[in-house]
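Taking it in order: structure first as C-alpha cells, then the write-up.
The values are calculated or read from the model by the stated rules, or taken from the named source; none is laboratory data. These numbers were taken from a predicted model, which means no experiment stands behind them. Ideal geometry is used to build each Cβ from the backbone, glycine not excepted, and the neighbour counts take in all protein chains shown.
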Amino acid sequence: MAKTNNIDTKLYAKTSEPEKSLIKILPKKSGRNNTGKITTRHKGGRQKRFYRIIDWKRDKFDIVGTVKTIEYDPNRNAQISLVEYEDGEKRYILHLEGLSIGDKIVSGENIEYKIGNATYLKNIPLGMEVSCVELYPKQGAQIIRSAGSYAVLLAKEGEYVHLRMPSREVRRVLGNCMAVIGRVSNAGHRFENVGRAGRSRLKGIRPTVRGVAQNPHDHPHGGGEGRTGEGRKPKTPWGKPARGVKTRKPNKYSDKFIVKKRK
C-alpha cells in the first residue's frame, strides 16, 4: 500500500526551517546511560539534529492560536505545527489529521469540540477521538503521541473516564487530565519504505546481525552445521524467551486502571 499523505507538498516544503526560539541541541547518547554503559544496542552515528520543543501541556487557556506551518520533525514519526497565539507567543504542537494552515485552535474549559482544541477529558463527549493524553494532571501528554494514533472515549465513571487505547486495551484515566481532540497526523508512516541502509544509519540505527549467523558463545541461536536455527524457541542474546511471553510485571501498580486487557 502506498504512503498516504493529505498535506500540500508545496506548503510543506516552504516550512522546512524550524522556529529558532523553539529548538535546542539534541546531544548524542549512542544508546549509553549516564555511566557510559551501552543499554540499548545498535545505536550510534546519526546525523546532527535539533530538538523541537513541543507544547505537551496545552496550558495556554482561552487564548486563540493560529496554525502557521506544517513541518517535518526528525525526532518523531508525526509532523508538527507552529502555532502563533494572539499575544504573540509561538509554540509547537503535534500536527493532527484535518488541521490546516490558518486554522484557529484554543485550549480551555468551554471550547468548541473540533480538531486541534484541547480540554479536560471529563468535558469531551463520548465517542470522540482524542490524542496527546495526560496520565496525571498538569504533567503533560504522555500517551497517544505516535503517528496516526488516537484513543476513543467510551464512558465516564465518577472522576475517571474510560479510553480505548490503540492496542484495544480499555483504561481508566482521571477526568481532569488534558487531551487534544483528533488523531495524530501521518498515519501512512507505517507503510513507508526505508529504501536503503544509509538512511537507517542517518537515523542512528546500526546493523543487526542475526542470531543464527553468530557463534554459540555469542548467541543461543548460534552454532551448528549449516542452517540449524529452525525448531529452536526464539531467545534473546541473554537466553531469555523472546516471543509469546508476557513481560508485564505481575501485580503492577497500574493494573487497577485497566478495565479490559489488550488481546
Which listed residue is β-branched (V, I, T) and in contact (Cβ under 8 Å) with a residue 24 or more places away in the chain, from V194, V184, V209: V184
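A quick yes/no check of all residues on (1) modelled with pLDDT under 95; (2) crowded, with 17+ Cβ neighbours inside 10 Å; (3) out of contact with any strand residue (DSSP E or B) (no Cβ under 6 Å at 6 or more places or on another chain):
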| position | (1), (2), (3) |
| --- | --- |
| T9 | yes, no, yes |
| T15 | yes, yes, no |
| K20 | yes, no, yes |
| L82 | no, yes, no |
Matching option when the condition is of a type outside the set (V, I, T) and under 26 Å from E192 (Cβ atoms), among S107, S149: S149
Scanning for something under 30 Å from E97 (Cβ atoms) and under 24 Å from the mean Cα position of the chain (by Cα), does region 204-227 turn up at least one residue? yes
Answer residue from region 154-176, given it is under 24 Å from Q79 (Cβ atoms) and of a type in the set (A, V, I, L, M) and is surrounded by the most Cβ atoms within 10 Å (Cβ to Cβ) among those: L163
Taking only region 89-103 into account, find how many residues are surrounded by fewer than 17 Cβ atoms within 10 Å (Cβ to Cβ) and farther than 8 Å from V67 by Cβ. 3
Out of I54, I70, report the one residue that is within 15 Å of the chain's Cα centre (by Cα) and either under 30 Å from G198 (Cα atoms) or modelled with pLDDT under 95 (or both). I54
Need the failing condition index for V245 against (1) outside the structural domain of W56 (by TED's automatic domain parsing); (2) touching a strand residue (DSSP E or B) at 6+ places or on another chain (Cβ under 6 Å), just the number. (2)
If I filter region 50-66 down to residues being among the charged types (D, E, K, R) and in a loop (DSSP other than H, G, I, E, B), which single residue comes out as surrounded by the most Cβ atoms within 10 Å (Cβ to Cβ)? R58
Going by the structure shown, is G231 over 18 Å from R41 (Cα atoms), surrounded by 12 or more Cβ atoms within 10 Å (Cβ to Cβ) and either modelled with pLDDT under 95 or assigned by TED's automatic domain parsing to the domain that holds P74 (or both)? no
When only residues in region 113-150 that are small (G, A, S) and part of a loop (DSSP other than H, G, I, E, B) count, which is farthest from E169 (Cα to Cα)? G116
Name every residue in region 94-117 that is more than 16 Å from S149 (Cα to Cα) and hydrophobic (A, V, I, L, M, F, W, C), in order of residue number. I101, I105, V106, I111
From the list P137, P125, which one is loosely packed, with under 15 Cβ neighbours inside 10 Å, in contact (Cβ under 8 Å) with a residue 40 or more places away in the chain and out of contact with any helix residue (DSSP H, G or I) (no Cβ under 8 Å at 6 or more places or on another chain)? P137
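Condition check ((1) out of contact with any strand residue (DSSP E or B) (no Cβ under 8 Å at 6 or more places or on another chain); (2) under 21 Å from V259 (Cα atoms); (3) among the polar types (S, T, N, Q)) across all residues:
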position: A118; (1), (2), (3): no, no, no
position: S149; (1), (2), (3): no, yes, yes
position: Y160; (1), (2), (3): no, yes, no
position: L163; (1), (2), (3): no, yes, no
position: G175; (1), (2), (3): no, yes, no
position: V180; (1), (2), (3): no, no, no
Across region 234-244, which residue is nearest to the chain's Cα centre (by Cα) among those that are surrounded by 10 or more Cβ atoms within 10 Å (Cβ to Cβ) and assigned to a loop (DSSP other than H, G, I, E, B)? A242
Do we find a residue being assigned to a loop (DSSP other than H, G, I, E, B), at pLDDT 95 or above, assigned by TED's automatic domain parsing to the domain that holds D73 and over 23 Å from I23 (Cα atoms) anywhere in region 183-194? yes
